[in-house]
Structure formats: C-alpha cells, structure tokens
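Shown next, in structure tokens, is the structure this report addresses.
None of the figures in this text is laboratory data; all of them are computed from the coordinates on show. Small disclaimer: the values here were computed from a predicted structure and weren't measured.
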C-alpha cells in the first residue's frame, strides 16, 4: 500500500490539521515508510505466541483493600470547625 499527496491531504483534513503543500509532500515518504514497516511486521510468524502487555512480568504489589474506619475519628474531628454528633457540621444550604 502506498500513500500519495491526495491521501495525505485528506488525512490532514479529517484530523483537522492545517498543512502546507510542502508539508504534505514531506509526509508522503514518511507515511509510506511507516506503512512499509507495518507490512514487514505482518510477515512475522506469531503462531503460538501469547499476547503480552509488558516485556517483563508485572504483579500487583498492593495491599488488600480492607474497609476500616481508621480508628482516629476524634483526631480528625479535632480539625473540624463545628463537629456535631461525631460528624462534620456544615451550614444548612437548602431551606
């Protein structure tokens, strides 16, 4: 597959990229080279090879997600300007 100036101009128009005629002419060989590399990748035999998301194996190194109350309610409420019944007190917004 090869790309010509009209195709590059159409792609630029669809992507809403303003390109001068010189820029369009410069992009033609670059896009053709990229498409050539993609065609080379299509020739590689990948039968029996599982897809991977990373080159090295990654494992989640996170702690278990356990819900707790933190056991520091009084310390947190000490920062509140108006604590009420163990919660943050806020002014009434809706009448």
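Relative to the dominant Cα principal axis of the chain, helix 21-42 is inclined by about 80°.
Principal axis analysis of the Cα atoms in the chain yields extents of 73, 46, 22 Å, listed in decreasing size. Against the chain, whose longest principal axis comes from its Cα atoms, helix 5-14 is set at around 20 degrees.
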